[in-house]
Structure formats: structure tokens, C-alpha cells
1. Name the one entry in B:GLU248, B:GLU218 that is open to solvent by 50 Å² or more (accessible area, probe 1.4 Å) and away from DNA strand D (no atom under 16 Å from the Cβ).
2. Just for helices (runs of 4 or more DSSP H) wholly inside the stretch B:171-254: which have at least 1 residues that are within 11 Å of DNA strand C (Cβ to nearest atom) and within 14 Å of another protein chain (Cβ to nearest Cβ)?
3. Going by what's in this entry, would B:ASP33 be described as under 19 Å from the mean Cα position of the chain (by Cα) and within 13 Å of chain A (Cβ to nearest Cβ)?
4. So which residues in the stretch A:62-88 are open to solvent by less than 10 Å² (accessible area, probe 1.4 Å), closer than 19 Å to A:VAL117 by Cβ and in contact (Cβ under 8 Å) with a residue 40 or more places away in the chain?
5. Does the stretch A:55-94 hold any residues that are more than 14 Å from the chain's Cα centre (by Cα), under 28 Å from A:ILE197 (Cα atoms) and away from chain B (no Cβ under 11 Å), and which are they?
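The values are calculated or read from the model by the stated rules, or taken from the named source; none is laboratory data. Just so it is clear, the model here is predicted, and its values are computed rather than measured. Please note: Cβ atoms are built from the backbone with ideal geometry, for glycine as well, and neighbour counts cover all protein chains shown. Just so you know, the surface numbers come from the protein's heavy atoms only, side chains and all, with ligands and any DNA or RNA stripped out. Shrake-Rupley method; radii C 1.70, N 1.55, O 1.52, S 1.80 Å.
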Number of protein chains: 2
Amino acid sequence: MDYKKQLAEFFKEVDERCILGLSIDCVIFGFYDNQLKVLLLRWKQTEEWGLPGGFIYKKESVDVAAQRILEERTGINELFLQQFHTFGEDVRYNRQEISQKLNWPDLSTRRWPDRTVSIGYFALVDFSKVTPAADFLTDECRWWDVENLPALLFDHNHIVEVALKTLRVQLSWQPIGYNLLPEKFTMPELQRLYETILNRSLDPRNFSKKMRALGIIERLEEQRRGGAFKSPYLFRFNKEKYRKALQEGNLAFS
Amino acid sequence: MDYKKQLAEFFKEVDERCILGLSIDCVIFGFYDNQLKVLLLRWKQTEEWGLPGGFIYKKESVDVAAQRILEERTGINELFLQQFHTFGEDVRYNRQEISQKLNWPDLSTRRWPDRTVSIGYFALVDFSKVTPAADFLTDECRWWDVENLPALLFDHNHIVEVALKTLRVQLSWQPIGYNLLPEKFTMPELQRLYETILNRSLDPRNFSKKMRALGIIERLEEQRRGGAFKSPYLFRFNKEKYRKALQEGNLAFS
DNA sequence: AACCTGTATGTATTAAATACATACTCAATA
DNA sequence: TATTGAGTATGTATTTAATACATACAGGTT
């Protein structure tokens with residue numbers, strides 16, 4: 001059976017099983033090599049990249065659907081996952097352009113709905129624990145540097161931008177890092193994560209002071225060896241205190 | 001024609017004209033008498049209250065739909081309107097209970113979808129400019145004190161809570177008030193707005209200092225007369241500076 | 001004229017944010 | 001084995017922002 005037939009069958013099942021006209025798009029952030037990364041998929045038989053996404057089963061909570069989609073793509077289920085915006089523009093992208101790019105010469109492969117509203121989720125995941133996995137529609141799944149994304153399909157560049165903006169705002173009143181860093185990390189690594197997300201440099205003395213004052217990390221005796229320099233101490237998050245800080249937030253206004 | 005027939009006809013039109021399975025719910029906040037208010041609708045021939053809401057035309061942006069719904073309910077079009085969350089639980093409420101409460105003995109009045117995902121918007125409006133207007137499905141539209149809402153239909157109490165939480169968080173990094181207060185207002189009025197939203201009292205000396213330091217309000221020569229006490233000065237927002245503060249935000253983390 | 005109510009405002013104290021420079025350690029190299 | 005370099009660790013002084021707190025004023029009422 002060739003790809004087109006398979007595709008038609010696939011969409012037939014989606015149409016029967018899932019809510020029509022509503023989809024989920026996921027911006028999966030990871031951190032590696034001092035860069036914030038996003039997990040992207042390359043669509044079958046094309047060079048076109050887009051966000052992982054999917055549809056919602058008729059009797060499935062949207063949050064659960066997002067979790068399912070993420071687990072399929074990353075292989076992990078312990079992650080920070082948050083809805084951040086619903087994209088409901090009447091024309092979100094040029095349909096003709098998309099069908100060309102995806103080599104769907106006509107849209108008859110499925111009963112393509114007039115328009116699709118998409119619910120955006122972003123996830124923060126530990127880069128080292130992820131096994132990127134392509135799905136039925138795609139050939140390749142891999143990390144891209146968030147500052148250097150290609151032109152994505154649909155309105156996915158826009159969706160990434162909104163996710164990133166949300167992440168930045170969130171950083172100002174919630175701790176971030178638990179799901180982006182490995183269990184043990186050094187202070188400079190944590191700092192670089194913050195610097196990357198905020199896109200500006202921070203003073204290491206003040207950063208260290210502030211972070212430790214928050215009381216959500218604890219220093220271990222252990223140090224990381226191997227570098228041609230003073231060995232940095234390792235830290236880890238205090239899970240309980242981190243969780244509390246997440247819930248309570250730290251409102252700036254007083 | 002009796003209400004049931006009209007209802008069936010109404011929903012028939014909705015089903016033809018609108019996206020299925022997706023709705024909008026609006027939490028419209030106003031401020032009056034030192035209380036934060038929410039605009040609610042009473043469903044026809046019942047004592048049941050719920051949020052204003054509606055459906056999205058097939059070729060209409062969701063944002064535009066929300067604006068349309070709001071304008072229909074409040075009569076004003078200059079307002080602060082923001083999407084805050086999409087409610088996609090697989091079971092958002094007890095359908096049987098709802099159909100009883102609304103006196104829809106069977107659901108055959110329409111092809112009721114299996115489940116509805118609802119996009120929540122909240123609006124901040126100038127209480128004094130609003131003319132609450134009921135719609136086809138409802139008998140009455142009026143303001144309710146946000147701290148004293150009745151048990152609402154569907155999951156609307158939950159939706160109000162999430163809206164309120166969003167509003168509180170937003171207050172910590174964005175200015176709020178332009179759309180909730182009349183053009184000219186006194187410092188104590190502004191303070192009471194903040195106190196109401198934050199649900200705690202603030203020191204008037206520090207509040208005044210901080211607010212004026214933000215540079216988004218300007219004091220007028222004019223004073224408000226009539227009270228049996230020292231006449232308070234009137235202030236108004238500097239629209240341009242307010243707009244900038246809105247856009248830029250004031251991230252707390254540094 | 002005395003009183004009441006809500007408004008206006010300044011200062012001292014504390015806490016947080018910022019700015020800034022030097023010493024250390026380990027590995028690589030000369 | 002002495003030197004160098006890169007990256008890490010840390011403390012203090014300064015500035016700014018947040019907090020705590022009390023009294024005088026104006027306009028109407030009695």
C-alpha cells in the first residue's frame with residue numbers, strides 16, 4: 001500500500017475517532033549545550049518541519065490528549081506540560097501552500113475541515129531522557145535550536161513565539177528548571193538556562209545569591225570533575241519546595 | 001410559536017452557521033461600589049444563572065467571535081478582552097442535571113454534541129458604560145458581586161475562578177484599571193480596585209507612592225466635590241504610557 | 001463651633017537588587 | 001615542574017525598592 005492510501009486510511013480513522021476541527025500543537029522545550037531546543041518533526045517525503053501535534057479523542061480530556069501526544073513523541077511521561085493559548089484565527093495559514101509543501105496534490109485524502117482551531121501546549125523536558133520518535137506522518141524527529149528554527153509549516157513559527165513569550169513571563173514568577181535540567185546540575189548550568197530563556201546575561205554572583213535564597217535548590221558535597229578548571233559544585237532541586245514555589249508563585253505586586 | 005420550537009429553530013441555525021463542539025464563555029468584570037462584579041445571564045423560564053457565551057461562525061476568528069458576544073451583552077466595543085484558558089475536560093458537567101435545570105426535558109431540541117470544548121475569555125469593562133442586555137436564550141442580564149455568586153450552570157463557577165486567578169496574576173506585571181474605571185477617578189478608588197482584585201488591603205501612602213511612580217497616571221487640578229470630607233484629586237490614565245506598560249510588562253525576575 | 005469622615009502626605013527602617021574584582025582549581029602545555 | 005588559561009567561587013558596598021507607620025487637612029453635618 002502506498003503512502004497516499006495509508007494516509008487516507010489514517011485520516012479516516014482520525015475523523016471517526018477524534019473531534020473534528022480541533023487539534024493540539026505542542027512546543028516541546030529542552031535544554032542542551034547551553035541552548036534552548038525545540039523538538040520538531042519532518043513530514044514524510046518532504047523537507048518541511050513542523051511541531052508535533054495531534055487530535056483529541058471524542059471522549060478524552062484535552063489535557064490528557066496533549067500528554068498522550070507528548071509521550072508518543074518523547075517517550076517520557078514525567079514532564080511539565082501546560083496549555084498556553086488557543087489559536088483560533090479564521091485563516092491560520094495558506095491551505096494551498098501547505099498542501100503543496102506536503103505533497104498532498106489535492107485535499108481529498110481526507111475530509112479536510114474548513115478551518116481548524118488549535119490548542120497550544122508547551123512542555124519542558126529533560127533533554128537527556130528524551131528519545132525523539134517520528135510518527136506515522138513524519139520521517140524524522142529531532143531537536144532544533146530555538147533561535148535558529150527553519151520556516152515551519154502552518155502557523156507553527158507563530159505558535160513557538162507565543163510559547164516562548166509565555167515561558168519568559170512564567171519565569172518571572174515561577175521556578176523553572178526542574179524539568180529542563182538533569183537531576184544534578186551546576187550553578188553555571190542553571191544560570192545559562194535562565195540566560196537562554198531570558199535572552200540576556202546575568203551576573204553570576206547575584207544569580208547564585210538569589211537562587212540559593214529562593215531555597216528550592218540544595219548544594220551537594222559532590223563536584224563535577226573533568227574540566228580544565230575549578231570543579232563546580234553540583235546542586236539539585238528540593239522537590240517539595242520546588243513544588244510549593246510552583247503552586248504559590250511569587251507575585252511581584254505588593 | 002412557543003419557546004421550545006423557537007429554541008429548536010435557534011439551535012438549528014447555530015448548528016448550520018457555527019463550528020460544532022466549540023464554544024466561547026466570557027467572564028465580564030466590572031467595578032462598582034467597591035466591588036468587583038461579573039455579568040451573568042438568567043436562562044429563560046428558570047432561576048438558573050450562567051456566563052454569557054456563544055458560538056463561533058464557521059469563518060470567524062475566535063477573538064472576533066468573543067468580541068461580538070461581548071458587544072451583544074454589554075453594548076460597548078472598547079474593552080479589554082483576553083483569552084485566558086480553554087476548558088477541555090472530557091466531562092465538564094452533568095448533562096442530565098443541566099437539561100433538567102434548563103427545562104429541556106430531552107436534548108432533542110438540538111443535535112447536542114457529545115461534548116463541548118469552551119474557550120474562556122475575560123473582559124474588563126467600564127461599569128458605567130455597560131447596558132446589560134439579555135439574549136434570545138435568557139430572560140435577564142445583570143451584575144453580580146464576584147465574591148457572592150450563585151451556583152452557576154455548567155462549569156461556570158470554575159471558569160470564573162480561573163479567570164479571577166488569571167486577573168490576579170496579570171495585575172502583578174501589567175497595569176489594570178484603564179478599562180475598569182471611568183475616565184477620571186480618585187486615588188482611593190484606584191486603590192480599592194486593586195484591593196478588591198487582590199483581596200487584601202493596601203497601605204494608602206505606599207499605594208499612592210507606587211502608583212504615581214509607575215508614571216501611567218496623571219493628577220488633574222480638578223477635585224471631586226460632594227463628600228463630607230477633604231475633596232480628593234482626580235486622576236486619569238496616560239493612555240500612551242499605559243499602553244506601553246501593557247505591552248512591555250514588568251517582569252519581576254532580574 | 002465642634003465633630004466626623006475620608007483624604008493627603010513624609011520619613012525612617014528594612015529588605016532586595018545591583019554593581020563590581022579577585023582568588024581558586026584543574027588540566028593542558030611549555 | 002612551572003606556567004598559563006579557562007571557568008568557577010565568592011563578599012561587600014551602594015543603590016533602589018518595599019515596608020511600616022501617624023498626623024494634618026477639608027468639607028460637610030450637627
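1. Values: B:GLU248 fails: away from DNA strand D (no atom under 16 Å from the Cβ).
Of the residues listed, the single one that is open to solvent by 50 Å² or more (accessible area, probe 1.4 Å) and away from DNA strand D (no atom under 16 Å from the Cβ) is B:GLU218.
2. On the way: elements: B:187-198, B:204-214, B:239-248.
Qualifying helices (runs of 4 or more DSSP H): B:187-198, B:204-214.
3. Values: under 19 Å from the mean Cα position of the chain (by Cα): yes; within 13 Å of chain A (Cβ to nearest Cβ): no.
No; evaluated as a whole, the condition is false for this residue.
4. Within the stretch A:62-88, the first condition is being open to solvent by less than 10 Å² (accessible area, probe 1.4 Å), and the residues that meet it are A:62, A:65-66, A:69-70, A:74, A:86-88.
Right, trim to closer than 19 Å to A:VAL117 by Cβ and you get A:62, A:65-66, A:69, A:86-88.
Within the stretch A:62-88, A:VAL62, A:ALA65, A:ALA66, A:ILE69, A:PHE87 meet the criteria.
5. So in the stretch A:55-94, the residues more than 14 Å from the chain's Cα centre (by Cα) come out as A:55-65, A:86-94.
Filter once more, keeping what is under 28 Å from A:ILE197 (Cα atoms): A:62-65, A:86-89, A:92-93.
Of everything in the stretch A:55-94, just one residue is more than 14 Å from the chain's Cα centre (by Cα), under 28 Å from A:ILE197 (Cα atoms) and away from chain B (no Cβ under 11 Å), namely A:TYR93.
Listed here are the residues, each with its yes/no results for (1) at pLDDT 95 or above; (2) at negative phi.
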position: B:LEU124; (1), (2): yes, yes
position: B:PRO132; (1), (2): yes, yes
position: B:ASP135; (1), (2): no, yes
position: B:VAL146; (1), (2): yes, yes
position: B:PRO150; (1), (2): yes, yes
position: B:PHE154; (1), (2): yes, no
position: B:VAL160; (1), (2): yes, yes
position: B:LEU181; (1), (2): yes, yes
